[in-house]
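Every read-out reported here was derived from the displayed coordinates using simple, explicitly stated rules and does not represent laboratory data. Note that the structure is predicted; figures quoted are calculated from it, not measured. Don't worry about glycine lacking a Cβ; one is built from the backbone with ideal geometry, like all the others, and counts go over all protein chains shown.
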């Protein structure tokens, strides 16, 4: 297996690039497909960018995290974590957004997510607000579309994301339930279902306490000794099917999807998402930030998918779940589940070339899980598991992998942005600095239907930019385009580097757009900018 890293070198724009010999023909094949698909279908171009505050002041303060558009008022609602507010902008002229108001929610805590009720019957915007304390439950605050606070309800611990069903009848909240930093208090994760009952709201909290070890189906449970399954499961993101019958809940750290029946208000399934083998052709990664080169190679590592954003869509009568496979570990003062490969003891029979493998320029710098890979419990690692899959995927509703983009994203960036390959999101001139972690970190995700085709818009948290894929047929996915509104010559801290850290994306269909063309709206967490793109057919 290790022999696959024998490689040769060539240059792209004077940047040294190395690939494993078994890998090179696949790379040429992939880039050929890019050339064919990239000159058809759709493209995006920025038409405006807006922020609430000077770019220098809001840098890396989470001033634009999640964004949602309302077609009736032609307004966008932006989660501003820097000010603990919801910033409302008039985008009736999307070329020149205007700040209307900033709704102060600091009295409730820290806003994490926002959703606009899609029904014209309800003048309603919902905000998930974390209390700021691990042992105090969070709140969902309801606003009217002008930004006036109407009501609030208590939900689970750390409500991280919320979304309405397509008819606006139900609001589903993912309560992540993270522990405190000392890991002395770890609340249970849960899902809250909120329904209107006349002028009031009824809240049902769906607990994970009934899930037994036999029902985990490969979901990862990895907290410290004594942690229950319900405490360990941490809901991150929710997707609802088009009929409003089922919610699919991503538990990122657990590498799992939980399926919730919204009518019965009960869990009906949990599915571990498994891993991809980075030793296999088509699944290579760049694993080192200390080799002074781009080295996309096959390594004896298995990457857990660990999705952040997920979206559900239908093809025929089947529901599919699209995932952005960012990856995330548990890193607290009281407990960590990650370490670098060079700091682990590797089983000599599984890794006969361990000393070479653990060198910094090879696999030594890669961050991996410490809680997996020792099945015989003898204190050394027989397998290596890394965080995230550096890809986006499509799963069936019962967790079966239908499609994965493999190493396409890193391969494309190596070819097209070699000087910024695997750069971080808060500093320019940071070539290769994220290769030892999770690479480009696909995180933000939205789907859009245009002219009968379904497209996935995938935001790359670290290097930035939006990748577009045609996922009309989930088994025959094609790459369409990539656009990055980052200025790699500017200063990130001074606010002259453009968009940094896409965190949330919202797609606006042509029929709902103020200009009659589809729009893509992206909230960028590090730069604090919200950018509106026009989507054009080529």
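Could you work out the relative contact order of segment 2-537, using alpha carbon pairs under 8 angstrom and six or more residues apart, expressed as a whole percent?
Worked out over segment 2-537, it gives 15 percent.
When the Cα centres of segment 231-289 and segment 433-509 are compared, how far apart do they sit, in Å?
Centre-to-centre distance over Cα atoms comes out at 20 Å.
Simple spin-label model, 7 Å along Cα-to-Cβ: residue 119 to residue 493 in nm?
5.1 nm
Over segment 310-390, what is the mean sequence separation of C-alpha contacts under 8 Å (at least six apart), divided by residue count, expressed as relative contact order in percent?
The value is 29 percent.
Is the C-alpha gyration tensor of segment 383-538 telling us rounded, prolate or oblate? Criteria: a/c under 1.5 is rounded; beyond that, a/b larger than b/c is prolate, otherwise oblate.
oblate
Taking 0.36 nm per residue of sequence separation and subtracting the Cα-Cα distance, how much length would be gained by fully extending the chain between residue 333 and residue 433, in nm to one decimal?
Full extension of this stretch gives 33.6 nm more.
Quote the relative contact order of segment 192-321 in percent (integer), defining contacts as alpha-carbon pairs under 8 Å separated by 6+ residues.
Taking the mean separation of contacting Cα pairs over the length of segment 192-321, I get 21 percent.
What FRET efficiency, computed as 1/(1 + (r/R0)^6) with R0 = 45 Å and r the Cβ-Cβ distance, is obtained for residue 472 and residue 355, rounded to the nearest 0.05?
0.40
Can you give the FRET efficiency to the nearest 0.05 for residue 182 and residue 99, using r as the Cβ-Cβ distance and R₀ = 45 Å?
Here the calculated transfer efficiency is 0.70.
Can you classify segment 159-291 as rounded, prolate or oblate using the Cα gyration tensor, where a ≥ b ≥ c are the square roots of its eigenvalues, rounded means a/c under 1.5, and otherwise it's prolate if a/b beats b/c and oblate if not?
The shape class here is prolate.
Of the listed peptides 504-510, 242-248, what is their order by residue-averaged count of other C-beta atoms within 10 Å, with the highest listed first?
Averaged packing, sorted descending, gives the order 504-510, 242-248.
Here are a few candidate values for Cα Rg over 2.2 N^0.38 Å: [x] 1.04; [y] 2.74; [z] 0.93. Which one was actually calculated from the structure I just gave you?
[z]
For residue 61 and residue 314, compute 0.36 nm times the residue count separating them, minus their Cα-Cα distance, and round to one decimal in nm.
Between residue 61 and residue 314, full extension yields 87.4 nm more.
Can you give the % of DSSP beta bridges in the chain that are antiparallel, to the nearest 5?
Close to 95 percent.
For a quick protection proxy, order the peptides 511-518, 120-127 by their average other-Cβ count within 10 Å, most packed first.
Sorting 511-518, 120-127 by mean packing, highest first, produces 120-127, 511-518.
Show me 218-228, 70-80 ranked by packing, highest mean number of other Cβ atoms within 10 Å first.
Taking the mean over residues of other Cβ atoms within 10 Å, the ranking is 70-80, 218-228.
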